[in-house]
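None of the figures in this text is laboratory data; all of them are computed from the coordinates on show. Small disclaimer: the values here were computed from a predicted structure and weren't measured. Here the Cβ positions follow ideal geometry from the backbone for every residue, glycine too, while neighbour counts run over all protein chains shown.
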């Protein structure tokens with residue numbers, strides 16, 4: 001029994017010795033490889049640094065890093081509205097719209113006035129601060145009669161913060177590339193890094209412009225205002241009138257219609273006075289010819305009548 005235990009003990013010791021020898025041999029091999037490995041050349045180091053800066057050497061950027069969790073996370077909403085107004089006193093309504101815009105801290109980005117036809121109309125593109133947007137719409141109905149109102153709200157938060165995160169990544173990348181450019185010595189490295197810098201600057205300009213566009217439309221709402229001049233307001237019920245009042249109103253409307261018709265006729269005559277002169281001259285010439293022909297026929301018939309009359 002003791003011999004059997006001793007045999008097992010010898011087997012365990014032998015196995016331990018073999019394992020220890022293999023481990024020492026492996027460690028020695030790795031040490032010898034480390035001692036004989038050559039130093040990396042400068043271009044390779046520069047390439048590795050450029051990769052760490054976000055440039056993969058093929059003219060494309062590495063995947064942008066996610067924006068910091070502490071970045072501004074406010075909701076970005078673009079507000080727009082279409083507003084239709086009408087008024088019997090066009091000049092007063094136009095001045096009221098202008099005064100309301102100035103009072104809300106806004107401005108006209110465009111305006112157009114049309115005098116065609118019997119009634120005037122105007123269209124304005126109003127830009128007002130986003131915090132005054134609701135106030136502007138609520139008070140717009142006091143400047144003139146509100147006919148139609150359509151509102152739109154577009155949430156661009158995801159697009160905005162995605163562009164902001166990519167911009168931050170590109171700016172960090174540009175700083176790192178400029179540091180590498182200052183350290184570069186070979187012409188090949190300088191050309192490669194300058195190309196990467198140029199591409200990064202273009203990305204920064206594009207993303208900065210995109211963010212400015214979003215900021216301008218988020219900070220200032222856009223309201224398209226259409227103002228029309230009318231003789232009677234739409235959708236406004238009139239008070240009940242007596243027969244006499246309705247008769248008087250009908251007479252006034254009839255007189256106004258007759259006067260408007262005569263005004264249109266006179267304007268048409270004024271615009272076409274040349275044609276009237278030509279027509280008048282033609283009528284006068286025709287009348288003269290007819291009169292002469294009548295006289296000739298009369299002169300021919302008188303001698304014949306004298307001959308045929310008895311003496």
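What to note about this one:
- Scaled against the 2.2 N^0.38 Å expected of a compact globular protein of N residues, the Cα radius of gyration of region 161-215 reads 1.29.
- Taking 15 Å as the cut-off, the amide N atoms of region 256-271 that come nearer than this to a point 7 Å along the Cα-to-beta-carbon line of residue 231 belong to 256-265.
- Projecting the alpha carbon convex hull of region 93-161 along each direction and taking the average yields 6.0 nm².
- FRET efficiency estimate (nearest 0.05) - Cβ-Cβ, residue 215 to residue 191, R0 35 angstrom: 0.45
- Label-point separation in nm, residue 206 to residue 283, each point 7 Å along Cα→Cβ: 7.4 nm
- Rounded to whole Å, the principal axis extents of the Cα atoms in region 125-172 read 54, 16, 16, largest first.
- The simple Förster model, with R0 at 51 Å and r as the Cβ-Cβ distance, assigns residue 259 and residue 135 a FRET efficiency of 0.75.
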